[in-house]
Amino acid sequence: MIKGFCSKPTSGHDRFKSEVEFLNYAQMVAPEFVPKLLHADELDRSVVLEYIEGERFEEGRPPSSESVDQAITFMRYLNEDQEVARQNLSCSAAEGFLRLTEHLENIDQRLKLMDVEHVPEIFKREAQQLIDASKEQLIRLQKRIEHLLSQGHCKDALDPLERCISPSDFGFHNAIGTHTGVKFIDFEFAGWDDPAKAVADFDLQPKVPITPRKQDLAKALPGWKTRHSVRYKVLAPILELKWACIVLGLLDPSKWAEMSRINPSRSLESALQAKLRLAETYLLKD
């Protein structure tokens, strides 16, 4: 399989470098869970990967407990020896912010890009309601975090030495089931990350949901109960709102235009309708 990358890194994160570094490292510590990196071309910014025979996991259908156990084992292998990891990985995960407040700022930036003028009239009212609900939730979270920090319940910044190795965008939407077990793919956002974020993102990714959300991935990370579990409880609601914003990405006019250029035959209206339904599961809870 050949995978190409943009000629220039976007937003300061080099996807090509992250993919290559992570695959080389994973091949050392957890080779059974990733495809082999056969060749990496820095000039063309492309990689050649081993072909994997198997089936993708079905969207909307939770993976089996056996598959989840394999994901946990993969994460454990990645984080067993921090010294080896530091020697072989330099990249930070995409949006691997060290501060809780940085996550809130990121959500605010995403919301400022959203509008409804470019979407079909039939969806305008619902889309605006979801934008408004997201903004209201952001205000609540900002007040909550400000209160928790002022009371000393948690720290805003994570010590960089407490970060873990994360595949990032980690879940069964980026996995293939084979006769020998699960193989994970797509590591262009991988790197050093906040353990609480890594676990929360694994729980929250919507395409192949982990049900119920149990923080199972935390079993793979040392020091979870003593250092990271409190941070998870604080960060998870923030990331839940962020996932809603990611799902609502088509409300950004530039992304709508980009999708129209990439695949003009695709019905963006039907895609938007599905995204609005999905965003409601994050935002409009009883």
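We did not get these values from a lab; they are worked out from the coordinates using the rules stated. Since the structure is predicted, the reported quantities are computational estimates derived from the model, not experimental observations. Cβ sites come from the backbone with ideal geometry, for glycine too, and all protein chains shown count toward neighbours.
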For this session: Only helical DSSP H runs with n ≥ 4 go in: add -39500 (n - 2.57) per run for the chain, normalise by residue count and round the 222 nm mean residue ellipticity to 500 deg cm²/dmol.
Result: -15500 deg cm²/dmol
Exercise. Can you pull out the trypsin sites (Lys or Arg not before Pro) in segment 26-70 that DSSP calls coil and that have at most 16 other Cβ atoms within 10 Å?
Worked result: K36
Exercise. Using alpha-carbon pairs under 8 Å, 6+ residues apart, how would you state the relative contact order of segment 139-228 in percent?
Worked result: 24
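What fraction of the DSSP beta bridges in the chain is antiparallel, stated in percent and rounded to the nearest 5?
Details: 18 of 19 bridges.
Bridges in the chain that DSSP calls antiparallel: roughly 95 percent.
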Exercise. When the Cα centres of segment 33-83 and segment 226-286 are compared, how far apart do they sit, in Å?
Worked result: 24
For this session: Nearest 5 is fine: what % of DSSP beta bridges in segment 1-148 come out antiparallel, could you say?
Result: 100
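Give me the extension gain from E32 to E58: residue separation times 0.36 nm, minus the current Cα-Cα distance, reported in nm with one decimal. Please list the in-between numbers first.
On the way: separation 26, 0.36 × 26 = 9.36 nm, distance 2.18 nm.
Taking 0.36 nm per residue and subtracting the Cα distance, the gain is 7.2 nm.
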For this session: Could you pull out the GluC sites (Glu not before Pro) across segment 141-217 that fall in loop regions by DSSP (anything but H, G, I, E, B) with no more than 12 other Cβ atoms inside 10 Å?
Result: none
Seminar exercise, completed: the chain: relative contact order from alpha carbon pairs under 8 Å, six or more residues apart, as a whole percent, is 25
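Pull out a ≥ b ≥ c, the square roots of the eigenvalues of the alpha-carbon gyration tensor of the chain, then state rounded if a/c is under 1.5, prolate if not and a/b is larger than b/c, and oblate in the remaining case.
Working: a/c = 1.60, a/b = 1.17, b/c = 1.37.
Since a/c reaches 1.5 but b/c is at least a/b, the shape of the chain is classed as oblate.
In what order do S46, S18 fall by count of nearby beta-carbon atoms within 10 Å, going from fewest to most? Present the calculation step by step, with values, prior to reporting the outcome.
Values: S46 14, S18 25.
With the fewest neighbours first, S46, S18 line up as S46, S18.
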Problem set entry | For the chain, built as a Gaussian network whose Cα springs stay under 10 Å, the top-fluctuating residue of E50, E32, E83 | E83
